[in-house]
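Structure, as structure tokens:
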Amino acid sequence: MTSSASSRVSRFGRGVARTGLLAAAAVLVALVAASGDAEAAKRRAAGGNFDGTWNVVFATRAGNCGPTYSAPFAVQGRRVSSAGGGKVTGGVTSGGNVAVRLSVGASVANGRGRLAGNSGTGTWSGLIQGDRCRGVWQATRS
């Protein structure tokens with residue numbers, strides 16, 4: 001082979017090697033992107049979608065308040081609001097941790113807890129009709 005021919009073959013080999021590396025890099029990028037999409041989908045599924053109406057029952061454990069109260073809450077995205085019966089503000093994380101504030105007239109209560117699937121539990125405390133009370137809550141999605 002002449003030096004001119006071997007130079008062309010050498011350049012051709014480098015071009016093929018570069019093309020092969022670019023193709024391998026493109027495949028790797030596609031695999032990483034697909035893996036990232038799959039991981040994001042898994043996180044969304046594991047985090048759960050808590051949208052809907054939740055029926056919440058509050059049970060008093062301390063204080064001079066009624067034994068139980070109930071209120072419907074609405075969850076849309078990360079926001080918790082009233083679905084009837086008082087003013088509710090609060091939020092829920094993708095992992096299901098929830099914090100809310102419920103007020104009806106002069107009564108106000110704050111609650112914290114966790115939602116998972118179609119149920120949830122937590123604790124609450126507040127000033128209900130002038131009495132300091134606290135207790136637990138349970139929720140079910142309707």
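Read-outs throughout are calculated quantities, based only on the coordinates presented, and are distinct from any laboratory measurement. Note that this is a predicted model, so its numbers are computed, not measured. Quick reminder, even Gly has a Cβ in these numbers, built from the backbone with ideal geometry, and neighbours come from all protein chains shown.
Descriptive notes on the structure:
- Hits in segment 76-113 (condition: closer than 18 Å to residue 142 by Cβ and β-branched (Val, Ile, Thr)): 80, 88, 92, 98, 100
- Cβ-Cβ contacts under 9 Å between residues 6 or more apart (or on different chains), taken from a first residue in segment 91-106 that is free of Cβ contacts under 8 Å to residues at least 60 places away in the same chain and surrounded by 13 or more Cβ atoms within 10 Å (Cβ to Cβ) to a second residue that is part of a loop (DSSP other than H, G, I, E, B) and among the basic types (Lys, Arg), are listed as 91/78; 92/78; 93/78; 94/78.
- Scan of segment 93-129 for residues that are among the β-branched types (Val, Ile, Thr) and either under 14 Å from residue 60 (Cβ atoms) or part of a strand (DSSP E or B) (or both), ordered by number: 98, 100, 104, 108, 121, 123, 128
- Verdict on residue 71 being in contact with a Leu (Cβ under 6 Å, 6 or more places away or on another chain), part of a strand (DSSP E or B) and either of a type in the set (Ser, Thr, Tyr) or surrounded by 13 or more Cβ atoms within 10 Å (Cβ to Cβ) (or both): no
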